[in-house]
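All remarks here apply to the structure that follows.
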Amino acid sequence: MGDHKKWGSWARPDQNLPTHVPALDGIRGVAVMLVFISHFHWILSKKTGYSQVTPWKFINRTFEAGFLGVDIFFVLSGFLITSLLLKDHANKQPGMVGRFYKRRALRLLPALYALLIVDFFVAWLENARMDFQWRTTWRALLYLNNWNVVWNFRGSRKDLGHLWSLGIEEQFYIVWPAVVLLMLALKLHHQIIITVLSLAIAAIVVHRINLWNDDIYWLFIYIRTDTRVDSLLVGALFAYVYRHYRVPSQVLNWAATLCFAGLLYIKYELDASPFIMKTGFTVIAVLAGIIILAAAEGAWFANRVLTLRPLTIIGKVSYGLYLWHLPVFLILGRHVTSGPKPLRILIGIIVASVVTVISWFFIEKPFLNLKNRRYANVKANN
């Protein structure tokens, strides 16, 4: 009774929430395009020596916004995975944790295995250092690629370097379902869970601040699980908020708009500052979490853009696009070295897009259909 009085109309009366929200596909589409453009810009600048694509700072910074896309992916993953686990529990699904791992395997492993096989074959054809290839491949199989970069940065293959973010997500997935199950078994009130998550996020921020100094190589903070998992926990926190509270639409609309402005400011004004490595990742995650919450509630005016079909389609194939785009760019860059530069750029974009489509229709979608048949009650954004 006291809880109801305290939270009033913000308490959600009905927890029968949708498992698929098109606007979240749109957010995923935006995130993967930021990563795509950023990697494209990185390769182009290394090949040409020009880091400034245009005379305008705003556009140049947009080409460098890949880290923002990855941060959004982290928050969105934490939000969706936690929402799915909570819905399974509410529906009294047996073997909740086992179901979770089986669904994840059917969604993620087929395309990853295909990429590793293709990349290994390409490395063999190129007479690349196979000790590097073996080391990178087996760690990618075990989702340890983020630690691969930390342990032996110069001894890893760049074609698979982008898999570091998937490593962080999968390491989180291994632990998090058991944590959620434990909290549910203990029957902890959601307000206590939200408080505990907030404290855990704050502890990671303190840990990151203690690690940072001017002499440390930025990657040693940027890609470590213990320094980046706070973004996934932020997503989990907002999943609990989404499930138990209905924030007024007008409040969410204004909040999401201000958060979007905040993300732009951080990206274009504070990008290279120590603030990012110390507290910035968490601030970005919270801003992104509020936007995701507003989009999930259908409260943000930008949902009209996020639900545009081209953007939601990109969001649906974002996993394959993320997997294949960097290897395609790098392999083509090593072998297509003549001809007009605009033509080579166009070839890279076309080939990456075609490979993504092939991956979707012939690898990912068949296993997604199998997943949906086995778990017919779940048709989620992930």
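The set of residues from the range 120-146 being under 19 Å from the mean Cα position of the chain (by Cα) and either among the small types (Gly, Ala, Ser) or more than 18 Å from Trp164 (Cα to Cα) (or both) comprises just one member, Ala140.
Mind checking which residues of the range 190-214 are of a type in the set (D, E, K, R) and either within 29 Å of Leu108 (Cα to Cα) or surrounded by 12 or more Cβ atoms within 10 Å (Cβ to Cβ) (or both)?
Scanning the range 190-214 gives a single hit, Arg208.
Please enumerate the residues belonging to the range 97-112 that are surrounded by 20 or more Cβ atoms within 10 Å (Cβ to Cβ) and within 12 Å of Trp176 (Cβ to Cβ). Matches in the range 97-112: Phe100 only. Among the helices (runs of 4 or more DSSP H) confined to the range 140-245, the ones with at least 2 residues that are within 30 Å of Ala299 (Cβ to Cβ) and of a type in the set (Phe, Trp, Tyr) are located at 164-185, 225-244. Filter the range 322-340 for residues that are hydroxyl-bearing (Ser, Thr, Tyr) and not in a helix (DSSP H, G or I); which is nearest to Val21 (Cα to Cα)? Taking the candidates together, the pick is Thr337.
Mind listing whichever residues of the range 324-340 are without any contact (Cβ under 8 Å) to a residue 24 or more places away in the chain and either exposed (fewer than 12 other Cβ atoms within 10 Å of the Cβ) or of a type in the set (Gly, Ala, Ser) (or both)? Step through it out loud before you land on a result.
From the range 324-340, those without any contact (Cβ under 8 Å) to a residue 24 or more places away in the chain are 332, 335-340; that's our starting set.
Correct list: His335, Thr337, Ser338, Gly339, Pro340.
Would you say Thr225 is β-branched (Val, Ile, Thr), more than 22 Å from His325 (Cα to Cα) and touching a residue at least 12 places away in the same chain (Cβ under 8 Å)? The answer is yes for Thr225.
Scan Ile72, Ile117, Ile81 and give me the residue that is closer than 24 Å to Asp159 by Cα, within 18 Å of the chain's Cα centre (by Cα), part of a helix (DSSP H, G or I) and β-branched (Val, Ile, Thr). Walk me through how you get there before you give the answer.
Working: Ile117 fails: within 18 Å of the chain's Cα centre (by Cα); Ile81 fails: closer than 24 Å to Asp159 by Cα.
Only one candidate passes the filter, namely Ile72.
Within the range 84-96, the only residue that satisfies the criterion of being among the polar types (S, T, N, Q) and either surrounded by 14 or more Cβ atoms within 10 Å (Cβ to Cβ) or assigned to a helix (DSSP H, G or I) (or both) is Gln93. Criterion applied to Thr227, Thr282, Thr257 was being β-branched (Val, Ile, Thr) and touching an Asp or Glu at 6+ places or on another chain (Cβ under 7 Å), and the one residue passing it is Thr282.
Entry remark, the range 246-282: residues being acidic (Asp, Glu) and either part of a helix (DSSP H, G or I) or closer than 17 Å to Ile292 by Cβ (or both) number 1 in total. Pairs are defined by a Cβ separation below 7 Å, a sequence spacing of at least 6 or placement on different chains, a first member in the range 60-71 that is surrounded by fewer than 20 Cβ atoms within 10 Å (Cβ to Cβ) and basic (Lys, Arg), and a second member that is modelled with pLDDT under 70 and part of a loop (DSSP other than H, G, I, E, B); the pairs so defined are Arg61/Asp271.
Count of the range 121-139 residues, restricted to those that are among the acidic types (Asp, Glu) and assigned to a loop (DSSP other than H, G, I, E, B), is 1.
When the range 196-232 is filtered for residues that are in contact with a Phe, Trp or Tyr (Cβ under 7 Å, 6 or more places away or on another chain) and among the small types (Gly, Ala, Ser), only Ser231 remains. Any residue at all in the range 314-321 that's under 26 Å from Leu163 (Cα atoms) and either modelled with pLDDT under 95 or outside any helix (DSSP H, G or I) (or both)? Checked against the condition, which is being under 26 Å from Leu163 (Cα atoms) and either modelled with pLDDT under 95 or outside any helix (DSSP H, G or I) (or both), the range 314-321 yields at least one hit.
Taken over the range 260-277, the criterion of being within 20 Å of the chain's Cα centre (by Cα) and closer than 23 Å to Ile209 by Cβ is satisfied by Gly262, Leu263, Ile266, Lys267, Asp271, Ile276, Met277.
Within the range 152-189, the set of residues being charged (D, E, K, R), closer than 20 Å to Ile331 by Cβ and either surrounded by 15 or more Cβ atoms within 10 Å (Cβ to Cβ) or modelled with pLDDT of 95 or more (or both) comprises Arg157, Asp159.
All conditions in (1) out of contact with any Phe, Trp or Tyr (no Cβ under 6 Å at 6 or more places or on another chain); (2) touching a residue at least 24 places away in the same chain (Cβ under 8 Å) hold for Glu170, with the sole exception of (1).
The values are calculated or read from the model by the stated rules, or taken from the named source; none is laboratory data. Only a predicted model underlies this, so the values are computations on that prediction, with no experimental measurement involved. Every residue, glycine among them, receives a Cβ derived from its backbone with ideal geometry; neighbour counts consider all protein chains shown.
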